[in-house]
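Undergrad: Below you'll find the structure I mean.
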Amino acid sequence: MEAGTVSSQRQISVTVNGTTYEREVEARKLLIHFLRDDLDLTGSHIGCDTGNCGACSIIVDGTLVKSCMLLAVQADRTQIETVEGLADGEELSKLQQAFSAHHALQCGYCTPGMLMSATALLRKNPHPSDEEIKKGLQGNICRCTGYWNIFEAVKAAAE
Amino acid sequence: MLLREVGYARPGSVAEAIELLAADDGARALAGGQTLINVMKARAGSPDALVDLNGLEELKGIELGADGTLELGAMTTYTEIVESSEARARPILADVCAQIADVQVRNRGTIGGNVCTNDPTNHLPPLFAALGATFVIQGGDGSRDVSAEEFFLGVYLTAVGLGELLTKIRIPAGRSDGFAAVTLGVEGTCIVSAAASLNGGVRIALGCVDAVPVVLTPASADADAVRAAVTEAALEPPADVHASSDYRRHLAEVLAVRAAHQASERRS
């Protein structure tokens with residue numbers, strides 16, 4: 001299908017955590033559903049499905065986004081990073097280790113999004129101030145921890 | 001959420017995007033999608049086709065002219081404004097863009113999408129109205145320049161017609177600007193907002209008190225003059241679950257004074 005023509009279905013090629021996938025997708029499919037249902041990458045969660053909670057946060061071409069607010073067809077020819085790509089085999093990333101050490105999760109539902117937001121923050125700003133950490137996590141809602149341990153974990157990972 | 005079936009096109013140029021939009025009354029431009037995708041989920045709108053503007057470099061970029069005029073591509077994201085050294089020529093732009101929603105939304109959401117949505121609770125319609133911005137709208141027969149007064153026509157309605165596209169927003173030079181809002185949550189949508197600009201005359205624009213930003217031109221930025229101008233405007237704001245009409249009228253006065261005060265403190 002040519003780029004400039006209207007179609008309800010499209011062939012896309014997406015690289016997720018280093019693996020390239022070629023799939024036919026419907027234009028109406030949200031990126032989060034493509035990741036979870038088509039690629040079986042269920043690490044990214046659907047919380048609110050209205051762009052508020054941030055549980056579906058992923059990194060697309062280096063930019064942190066909410067994957068329930070993009071169409072899968074828009075991810076054509078992009079490099080995507082999800083929570084599944086953070087650990088190196090069995091070895092957790094420094095940030096993941098800090099989440100574990102600081103008890104930064106209880107139910108864990110928001111954790112994939114929190115980790116991706118914090119990863120994006122620390123990449124852009126390796127030594128954020130307290131205020132910058134809070135602002136960096138503003139798009140992610142947690143209903144268990146009261147945020148404090150998440151904040152402490154990010155702070156520890158930054159040091 | 002499964003959206004209604006929709007067509008999708010990724011044009012290679014602005015001209016092609018306009019052709020696609022003109023070819024189908026049910027086609028809509030997809031900018032950052034941080035409002036439109038939600039609107040489609042809620043079935044509040046169901047376009048037949050989406051014309052994806054992402055990837056059109058012609059619609060990107062921030063240029064600072066020799067006379068201090070900023071030319072902002074419609075597809076410039078809030079994050080790009082916040083991080084741009086050129087945009088610092090008009091500091092209020094980054095100040096306000098940094099208050100919109102959260103990192104993820106700022107990374108995707110665009111200034112063109114924000115004003116074309118013209119949701120009264122959005123930050124940028126009153127800001128651009130106060131700054132005296134010019135909106136460049138392109139259609140099949142060329143482009144036209146439109147002032148803020150002509151651009152914002154109603155709730156969710158602007159001068160951008162079917163088969164047309166907002167391509168650029170021009171902001172004149174200046175530094176003495178202010179913005180104040182009462183929001184839902186720290187950086188949420190506005191319950192009432194006010195933007196002020198003291199470059200040349202005094203221009204104040206109020207958001208969320210009418211279908212379009214209400215522009216006031218008090219004689220001075222003094223609190224009394226600003227209050228008098230708000231009273232004279234005889235606002236009849238809408239009431240909703242967040243605020244009564246009377247409370248919005250009260251906030252309009254308070255926030256207009258705050259925005260004007262902030263602007264006068266930035267007089268250079």
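Undergrad: Of everything in segment A:111-159 that's of a type in the set (S, T, N, Q) and within 14 Å of chain B (Cβ to nearest Cβ), which residue is nearest to the chain's Cα centre (by Cα)?
TA: A:S117
Undergrad: Against the condition free of Cβ contacts under 8 Å to residues at least 40 places away in the same chain, hydrophobic (A, V, I, L, M, F, W, C), outside the structural domain of B:L36 (by TED's automatic domain parsing) and not in a loop (DSSP other than H, G, I, E, B), how does B:V226 come out, does it pass?
TA: yes
Undergrad: Here are some conditions: (1) farther than 23 Å from B:A228 by Cβ; (2) buried (at least 16 other Cβ atoms within 10 Å of the Cβ). B:A195 meets all but one. Which one does it not meet?
TA: Checking B:A195 against (1) farther than 23 Å from B:A228 by Cβ; (2) buried (at least 16 other Cβ atoms within 10 Å of the Cβ), the one that fails is (1).
Undergrad: Further, regarding this structure: Here are the criteria: (1) in contact with a helix residue (DSSP H, G or I) (Cβ under 7 Å, 6 or more places away or on another chain); (2) more than 24 Å from A:G139 (Cα to Cα); (3) not in a strand (DSSP E or B). Tell me which single one B:G161 does not satisfy.
TA: (1)
Undergrad: Among the numbered conditions (1) without any contact (Cβ under 8 Å) to a residue 60 or more places away in the chain; (2) in a helix (DSSP H, G or I), tell me where A:A120 comes up short.
TA: (1)
Undergrad: If I filter segment A:48-60 for residues that are of a type in the set (D, E, K, R), in contact (Cβ under 8 Å) with a residue 40 or more places away in the chain and under 24 Å from B:R4 (Cβ atoms), do I get at least one hit?
TA: So far as segment A:48-60 goes, no, none of its residues is of a type in the set (D, E, K, R), in contact (Cβ under 8 Å) with a residue 40 or more places away in the chain and under 24 Å from B:R4 (Cβ atoms).
Undergrad: Pairs needed: first member in segment B:8-36, under 17 Å from B:T158 (Cα atoms); second member anywhere, of a type in the set (F, W, Y); C-beta distance under 9 Å; at least 6 residues apart or different chains.
TA: B:L30/B:Y8
Undergrad: If you take the residues of segment A:61-110 that are assigned to a helix (DSSP H, G or I) and hydrophobic (A, V, I, L, M, F, W, C), which of them is farthest from the other protein chains (Cβ to nearest Cβ)?
TA: Looking at residues that are assigned to a helix (DSSP H, G or I) and hydrophobic (A, V, I, L, M, F, W, C), I get A:A101.
Undergrad: B:G68 - would you say it is away from chain A (no Cβ under 12 Å), at pLDDT 95 or above and part of a loop (DSSP other than H, G, I, E, B)?
TA: Judged against the criteria, B:G68 is a match.
Undergrad: For segment B:54-76, name all the residues that are within 19 Å of A:M69 (Cβ to Cβ) and more than 18 Å from the chain's Cα centre (by Cα).
TA: Result: B:N54, B:G55.
Okay, residues lined up against (1) more than 9 Å from chain A (Cβ to nearest Cβ); (2) in contact with a helix residue (DSSP H, G or I) (Cβ under 8 Å, 6 or more places away or on another chain); (3) outside any strand (DSSP E or B):
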| position | (1), (2), (3) |
| --- | --- |
| B:E5 | no, no, yes |
| B:G12 | no, no, yes |
| B:I18 | yes, no, yes |
| B:L21 | yes, no, yes |
| B:N38 | no, no, yes |
| B:S46 | yes, yes, yes |
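Undergrad: Another question about this same structure. May I ask you to list pairs of residues, at least six apart or on different chains, whose Cβ atoms are under 7 Å apart, with the first in segment B:254-267 being free of Cβ contacts under 8 Å to residues at least 12 places away in the same chain and the second being outside any helix (DSSP H, G or I)?
TA: Nothing qualifies.
The values are calculated or read from the model by the stated rules, or taken from the named source; none is laboratory data. Everything numeric in this text was worked out from a predicted model, so none of it was measured. In this analysis, Cβ positions are derived from the backbone assuming ideal geometry, glycine residues included, and neighbour counts consider all displayed protein chains.
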